[in-house]
1. What ranking of 137, 724 emerges when the number of other C-beta atoms within 10 Å of each C-beta is taken as an exposure proxy, fewest first?
2. Among (i) 1.33; (ii) 1.08; (iii) 1.90, which one is Cα Rg over 2.2 N^0.38 Å computed from these coordinates?
3. Work out the count of Lys pairs in segment 807-881 where the Cα-Cα distance is under 27 Å, with the pair 8 or more places apart or on different chains.
4. With the cut-off at 1.5 for a/c, could you classify segment 27-128 from its C-alpha gyration tensor as rounded, prolate or oblate?
5. Using label points projected 7 Å from each Cα along Cα→Cβ, tell me how many nm separate residue 545 and residue 844, to one decimal.
6. Using the per-residue mean of other Cβ atoms lying within 10 Å as a proxy for protection, in what order, highest first, do the peptides 53-59, 39-45, 251-257 fall?
7. Please label the shape of segment 765-821 as rounded, prolate or oblate, based on the square roots a ≥ b ≥ c of the eigenvalues of the alpha-carbon gyration tensor (a/c under 1.5 means rounded; beyond that, a/b larger than b/c means prolate, else oblate).
8. With charges only on Cβ, +1 for K and R and -1 for D and E, what is the dipole size of segment 862-908 about its Cα centre, in debye, rounded to 20?
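FYI, it's all coordinate maths here, none of it is from the lab. For clarity, every value in this text was computed on a predicted model and none was experimentally measured. All Cβ positions, even for glycine, are placed from backbone atoms using ideal geometry, and neighbour counts span all protein chains on display.
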Amino acid sequence: MHDAFKVYTVIEKLPHKIESIFAQGDKLYVGTFYGTLLVYSVREPLGQDEAISVTLMETRKTFSKKAIEQIDVIKAVGVLVSLSDGYVNLHDIESFALRTQLGKTKGANLFSVFSKIEIQDGLIPQVVTRLAVAVRRKIIVFTWQDSEFMDTKEFSIPDRVRTMEWVGTQNLCMGFDNEYALMDCKTSVLKPLFSPTSPSAQGALGSTLESTLNTLNTFSSLATGGLMGFGSKPGKPLITRLPNDEILLGKENSSISVGIDGTPKRKNGIEWSGTPEELGYSYPYAVAILGRHIEIRNIETRTLVQSAEMPHARFLTQGKLLYIASTTEVWRLIPYSFPQQIDELVQKEDYQEAISLINQIDPVLLDETVDTLNRIKSLYAHHLFRTHHYEEALSLFLDLDVPPEEVISLYPAVISSHLPSKDVEVVSSPKSADGQSDDSSSKDTPPIIMSTKELEDAVGCLIRFLADKRQKIQKDVQTLQQNNDSFSYRHQEQEEEIQEHLRVLEIVDTALLKSYMMTNERLVGSLLRVTNHCNLEETETLLLKHKKYKELVDFYRGKGQHRKALELLKTVHNLPGEMHGVLPTVSYLQRLGSEHFKLILEFGTWILELDPIVAMKIFIDDEPEIDTLPRYKIIAYLERLSLDLCVMYLEHVIHELGDQTSEFHNTLVVSYLSQIQRDTAVSGNDVEVHRTKAKLLQFLDESTCYKAERILSRLPVDSCYEERAILLSRIGQHDQALNIYVHKLRNFQAAEEYCIKNYDGSDPSKNVYLLLLRVYLKPQNKESPMLEPALDILTRHGSHIDPSAVLALLPASTRVDQLFKFFEKSIRESNKTKHMDMIVKNLLKAERLQTQEQLTFYRSRRVKITEDRMCPKCNKRIGNSVFAVFPDGVVVHYSCKETMAALGHWRAG
């Protein structure tokens, strides 16, 4: 509670019994039981300590013969309206003389006045005043526009009205014995608001409008704080007009606000401590007279704001000037200034009430309203946090866009220890009554003591706050980077702003990491694997402490701290767990790329020595970063480290990646030779030698990228004859290659296959079959001629050898019958070739004759260009222009031929 109003007794022990009061401006009108009208002048106090001044200006003893039951003023018409003796009377506002007695109002029991500016005819604003009078079972409405009386309307109603108020300019809310209803005075439609809860409670209104009692059974459905079972007992209905076309309806101990359409406007109603005898509203509070005291409640929060003892109070005025009267006394409630009320609420830490008050009042009534509202909301958020309402506090911090540093600083050191050493700016509480600052949220305030469960709850709320902040800040950074101005001065400002955002992001991400470590460690990896701004030292210490090696490696990778990551992997590879072994290091090195090549080689050595097969995935796996590594340097590195690993890499590069670099092919051949020499020197490695030799021969035979001349110099003189033969073949030394197959290897079949593979009939001087025959029959090493294999070659491939050259090589002692098959096949092949040549000759001759005949035909064709010959395309004379003739004889300009060809004249010919 706080002091919203200061209570003054303005009239005390009045000898006349008060029946009605009304206030307007500095005038207070009091109607008595005996028909006397008392008019008082009220002077407002100039200061808080000054008393209110009330002066009786006029006493009209003959104003009415009977009690003045109700008073109001129609300022636009200049009349004072009174209800007395069952009539509504209009009096002059200055002289109080009776202007007219509204004869139609005989039997009236109450009236209601409402004035508002309306736009008439779509253009002209006019003050429209409506006076509604309840007369038995009908309503009479009198209307004035400006000061001119317009018309009177009458509406029948099903029961006697006990209270009524205007809602807007056309609707009239009426309270009967057990029900409320809205009547549209333009359409005469009567709409009940709340139906009774039992048939026995239905009055005349219920029976008359039974068909429409299906709307807004609201009070019975409201939760705690609403009106429960409204209409179940008879009682005095109460209606109070609120701003924005709302009305406050009362019954028993409850009240609820309803809009112009009859639907509830607020979620919960007001619960009074007793049954109100009268309801009123003084911006922004609802006021109720309850027995011996009054209650003042916030219309929004429904909380009790102020209570004052006022014995036997019966009447109150509506609006800004709040007067309350008993039968003999009148009290005036003057509101304290809103800034003063807000300060008092803040001092009492009733922040919610202060915020509600600021939201309701007009901003012009409070300087710097927005700043004040945000300041109080921030204080409220801190208060909620101190009282362990963490979710509400963090939600409010988020709405206020409070800096993350301020929120994080509220947490224990386990969360907030990474904050910068500079002071965190926080919202301070206002000064207390003794003038000292009550800064309950400053950095000197002792940390909030939390239980383990409370800390977990608070951190859970912080995670949601930080995640939202993180997303917003990242979006701001992206926007700044995209909109970076080219002007130097603006560019510098934007860069500074970006750096500030990044600084805050570091604080947010580090706090988020600590929060995850406390509540859900599984989320740590997801934070560190993406782009983050966690503080390096804080994160390093935290993860090492909790042995989160995998997460720390991911963090190092994201920060570009590759050396630290690799050193950590090397340190923990012997420890049990997911980081055991060399595979985590291999996976890390695979993704570094060429810019960190030196680091790859440095940290690749120990894993290649420990587990070479797995470690070689650094260089031969299917990863895009591996393709960017310099292959020359890898080969040189592996050659120094291990010949076998170098061979493995070269095989991958050449066979799987298809690299045709000559140097790589040469190196692989030399490496194979080195392996053969090494394994040959070690007894028991015959299988490895054979396997390597087979790979070498296949590679020499299939590859076309190595330099044979360079390899030949590397071959040993007394071995590797097959390899030498293949290399000699590559440089065109077929005679030497065949000599190796025949005389060194004694492999006649291999020599024959060599000829089949390398035979080229277009160049007789390089006839490999003749060369092989010469190797057999004219050996260089003074061996005897090998006639049998020579005759086998002549028998199978004699058609590829010139007989004369054969006869020149054969020994004189060769028998003719041994050459029968050779000559037979040679002669047949010669005859076949001759016949084929004749056929081709005759075909070519026939083709020549056909061509000559076509040429003669085309040369015999003529076209005659006369002066009258026209181009069919452009309809102009051909004349001396360049022309074209289509096969169908059509003659056109040369420039028109493309268009005519598109029309089909080429096909026509």
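1. On the way: 137 13, 724 22.
Ranking 137, 724 by Cβ neighbours within 10 Å, fewest first, gives 137, 724.
2. Looking at Cα Rg over 2.2 N^0.38 Å for this model, the match is (iii).
3. Here the count comes out as 9.
4. Oblate.
5. Once both label points are built, they end up 9.6 nm from each other.
6. 251-257, 39-45, 53-59
7. Values: a/c = 1.64, a/b = 1.09, b/c = 1.50.
Oblate, because a/c is 1.5 or more while a/b does not exceed b/c.
8. 40
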